[in-house]
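Colleague: Once you've had a glance at the structure underneath, I'll fire off some questions.
The values are calculated or read from the model by the stated rules, or taken from the named source; none is laboratory data. Please read these numbers as outputs of a predicted model, since none were measured by experiment. A quick note on method: Cβ atoms are made from the backbone with ideal geometry, for glycine too, and the neighbour counts reach across all protein chains shown. Just so you know, the surface numbers come from the protein's heavy atoms only, side chains and all, with ligands and any DNA or RNA stripped out. Shrake-Rupley method; radii C 1.70, N 1.55, O 1.52, S 1.80 Å.
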Amino acid sequence: MADLPGSLRRPAGGPWPDPPGRPCAPLENGMKPSSRVVLSVALLTAAFVFQQLRSTGEAVPIRRSLDEFPLSIGTWQGREATIFEVEILNVLKVKDYLMRRFVDPADRSLWLYIGYWDTQRKGASPHSPRNCLPGGGWEPLEAKKVTIPLATTHASVTVNRYLIQKDQTQQLVFYWYVAQGKPVAGEIEARIEMVRNAMLHNRTDGALIRVSSPVYDSVEATSDMLTQYVQSMYPILGQFLPD
């Protein structure tokens, strides 16, 4: 069973640890007092430098407003867009976003969502669809990563492929992150990139790209449809998102 925060557990054959509020016994690690002072100063200095990097960086503006995102992408045509309510925007804390439905000549629909954060220093960050969608009542059926080949200038992009179901309706979702200009599929990888770029380049900007559709005919047929859409849409992202 996993340890609960604040719980106490007696080591096998050993004494109970000191509960909070009681003085701790000295550590028997052989470290001299002078070494502890040097280590403490080094840790405080590292924490101060990291905090400065996290708090004084400039936000990275988006290149163009997402309102200008093209209505025609390959054979797809944009239809209605969704305007989020203030309550949702207060949770998302996006700097810019786009939520628009596209249809193809066969009248199949998909939704494109792009959320952009110019900085993630004040608690604003992408919300993982892996967490948000189940919260909305969608049951995850399958999750894996797929690599989509792109045009010559963009070798490929790896995205999450997420199959979900609510009542009798199934949807297929593709999503990935853009961490300071670099596409990454995983949430952890995006976090690692953000910390690295905050320290090296003073940047924490990021984006979440999500493409979703009802399942038409079969999961694989719908996956092929989303793949073709991403292949047409991906080169356009560079006109809006910073490198």
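Colleague: Using just the Cα positions, wrap the range 160-202 in a convex hull and report its mean projected area in square nanometres, one decimal place.
Modeller: 3.4
Colleague: Kirkwood hydrodynamic radius (Cα pairs, Å) of the range 87-166?
Modeller: 15.3
Colleague: Next up: What accessible area per residue, rounded to a whole number of Å², is obtained for the range 144-243 using a probe radius of 1.4 Å?
Modeller: 44
Colleague: At residue 101 and residue 218, where each label point lies 7 Å from the Cα along Cα→Cβ, what is the point-to-point distance in nanometres?
Modeller: Computed distance between label sites residue 101 and residue 218 equals 2.7 nm.
Colleague: Can I ask one more? Given +1 on the Cβ of Lys and Arg, -1 on the Cβ of Asp and Glu, and no further charges, what dipole in debye does the range 86-126 carry about its Cα centre, rounded to the nearest 20?
Modeller: 200
Colleague: Additional query: Considering only protein heavy atoms and a 1.4 Å probe, what is the carbon-and-sulfur percentage of the accessible area of the range 137-221? Please report the intermediate quantities before stating the final value.
Modeller: Working: 2190 of 4140 Å².
Carbon and sulfur together cover 53 percent of it.
Colleague: So how much accessible area does residue 216 have, in Å² to the nearest 10, using a 1.4 Å probe?
Modeller: Roughly 60 Å² of residue 216 is accessible to a 1.4 Å probe.
Colleague: In the neighborhood of residue 239, defined by Cβ-to-Cβ distances under 12 Å, what is the net charge if each Lys or Arg adds +1 and each Asp or Glu adds -1?
Modeller: Taking every Cβ under 12 Å from that of residue 239, the sum is 0.
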